[in-house]
Amino acid sequence: MASITNNTSQLYRITYEAYSKFANNISRCTSLKEVGEISRTHLKYLLNFHIIRLSIQEADKYLFFSLSGNQVEYDLKEQTQLLAHEKDLLDTEIPVLTTNIPHDWIDGYELSSQLLEPSLWGWLFKKNDRKITVTLISDKNKPFNTGDVEILKLVVDCFEAKFHEIYLSRLLDVKNKSLTKALKTIKEKNDQIQKIVENQQEIIEDRTKEIVAKNKKLLNISALNAHNVREPLSRIQGLIQLFDIFDDEQIRNEVIPKLEKSAEEMDQVLQEVINMATNALSDLKAEKI
Amino acid sequence: MNTIYLVDDQPITNFITRKLLEVEGITSKIKEFTNPLLALKELESENNPFIFLDLNMPEMTGWEFLETLKSKKYCPKIVILTSSTSELDVLKAKDYPCVIDYIIKPFSKLKFSKLSTHLPKAS
């Protein structure tokens, strides 16, 4: 029976099926955790690798995603977290294949001691104006070939689209949260303003009542005063009418003294009225404070 | 001839009213009161008197005077003669059927002529 590796069309079919499964599952993911889970179970059927790491620029940060055996790591970090060869890739855009493995990086992975003549592969892909660096560690047991680059590109396309989608939905989420917060603040401020307005309304009503009461008081005073002043005045007017009736002697003896008395009383009343009005006004002013 | 009562705490006002009435030929007996309480007392023995009544008096206000008469169910003809120009007083006076007129001081010949139909005629 011929080895499956020699049956090219069958091999393509299997690879295609594995990729379809992978891509379908990835497209259904809603979080990096789910992407990590799908990658852990499906990616080994598509590519030979010990460690695969992607770094994708999102705004001013980088999304790092790495998979090794069952170990999945992902995080959004600063540019300073880029590895040395990733920085070179971003600068030169030239693919890397080297046996010079950055140990301080791969020592963090469990299987690093079991690697047999490991090699580091590195690529820079551009997708939708975003730069993606891909690092892959293979060795004699899990060899990576140049021919696998095509399927790797498809895998990276798939990751990139999903990562960006997740990134945007997170961004949206953050914006929604801040909008909700702003809305809450606006509502609180509105409530405060409402309270101030209600308070003002109360003050205005109180003041209006006060003014109405004061006006009534003043009106009473003025009515009373008018009456008090009119009384001696009406006497004077009445006495003047008598001038036509009385003769000179009678006028001199009877009317004039009464006129004098009435005029004197009117003067008194006027003074009282003026004092009263002045006091009432100063009382009202005092009440205002 | 019916007696005319002048009830006003100001004697000068009573003097003026008396003189005006005399000039207009009123020959009825005219009694002056500066204290309405005394007038009330004397009214008891009076037959159908005619009263000129002030409103603003210290011992008893004109309104109290009217209320007292009302409580006694005694209703002589009364003319309110006051220096008050208040509309409220004019309206209030209408509540008393005894009050046949409301005159604002000073009393005058003209005001008298409007009253003359009510007044006891000279013989």
| field | Flag if A:Phe144 is touching a strand residue (DSSP E or B) at 6+ places or on another chain (Cβ under 6 Å), assigned by TED's automatic domain parsing to the domain that holds A:Phe64 and part of a helix (DSSP H, G or I) | value | no
* Tell me, please, whether a residue that is exposed (fewer than 12 other Cβ atoms within 10 Å of the Cβ), among the hydrophobic types (A, V, I, L, M, F, W, C) and at pLDDT 90 or above can be found in the range B:77-92. => yes
Within the range A:88-110, residues more than 26 Å from A:His164 (Cα to Cα), surrounded by fewer than 17 Cβ atoms within 10 Å (Cβ to Cβ) and touching a residue at least 12 places away in the same chain (Cβ under 8 Å) come out as A:Leu97, A:Thr98, A:Thr99, A:Asn100, A:Pro102, A:Glu110
If we keep only residues of the range A:262-289 that are surrounded by 15 or more Cβ atoms within 10 Å (Cβ to Cβ) and of a type in the set (Val, Ile, Thr), then the residue modelled with the highest pLDDT is A:Val269
task: Could you check, for the range A:114-134, whether at least one of its residues is surrounded by 12 or more Cβ atoms within 10 Å (Cβ to Cβ), within 21 Å of A:Tyr45 (Cα to Cα) and among the β-branched types (Val, Ile, Thr)?
output: yes
Being loosely packed, with under 15 Cβ neighbours inside 10 Å and either in contact (Cβ under 8 Å) with a residue 60 or more places away in the chain or within 14 Å of chain B (Cβ to nearest Cβ) (or both), is that true of even one residue in the range A:185-194? no
Of those in the range B:1-36 that are away from every other protein chain (no Cβ under 14 Å) and surrounded by fewer than 15 Cβ atoms within 10 Å (Cβ to Cβ), the residue nearest to B:Lys94 (Cα to Cα) is B:Asn35
Within the range B:27-55, residues without any contact (Cβ under 8 Å) to a residue 40 or more places away in the chain and not in a helix (DSSP H, G or I) come out as B:Lys29, B:Ile30, B:Lys31, B:Glu32, B:Phe33, B:Thr34, B:Asn35, B:Glu44, B:Ser45, B:Leu55
Could you tell me whether B:Pro106 is facing chain A (nearest Cβ under 10 Å) and part of a loop (DSSP other than H, G, I, E, B)?
-> yes
Taking the range B:82-123 and keeping residues more than 14 Å from B:Leu66 (Cα to Cα), among the charged types (D, E, K, R) and touching a residue at least 24 places away in the same chain (Cβ under 8 Å) leaves B:Lys105, B:Lys109
Residue set A:Ile221, A:Ile204; condition more than 14 Å from chain B (Cβ to nearest Cβ) and not charged (D, E, K, R); output residue A:Ile204
Looking at A:Ile166, is it among the aliphatic types (A, V, I, L, M), touching a His at 6+ places or on another chain (Cβ under 8 Å) and touching a residue at least 60 places away in the same chain (Cβ under 8 Å)?
no
Any residue at all in the range B:77-97 that's touching a helix residue (DSSP H, G or I) at 6+ places or on another chain (Cβ under 7 Å), under 12 Å from B:Phe52 (Cα atoms) and outside any strand (DSSP E or B)? no
Here the residues within the range A:233-254 that are at the interface with chain B (Cβ under 9 Å from one of its Cβ atoms), touching a Leu at 6+ places or on another chain (Cβ under 9 Å) and either more than 24 Å from A:Asp267 (Cβ to Cβ) or not charged (D, E, K, R) (or both) are A:Ile236, A:Gly238, A:Leu239, A:Ile240, A:Gln241, A:Leu242, A:Ile245
A:Lys214 meets each of (1) within 30 Å of A:Asn128 (Cβ to Cβ); (2) of a type outside the set (A, V, I, L, M, F, W, C); (3) touching an Asp or Glu at 6+ places or on another chain (Cβ under 8 Å) with one exception, condition (1)
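The values are calculated or read from the model by the stated rules, or taken from the named source; none is laboratory data. Please read all numbers here as calculations on a predicted model, not as lab measurements. Heads up, the Cβs are rebuilt from the backbone with ideal geometry, glycines too, and the neighbour counts pull from every protein chain shown.
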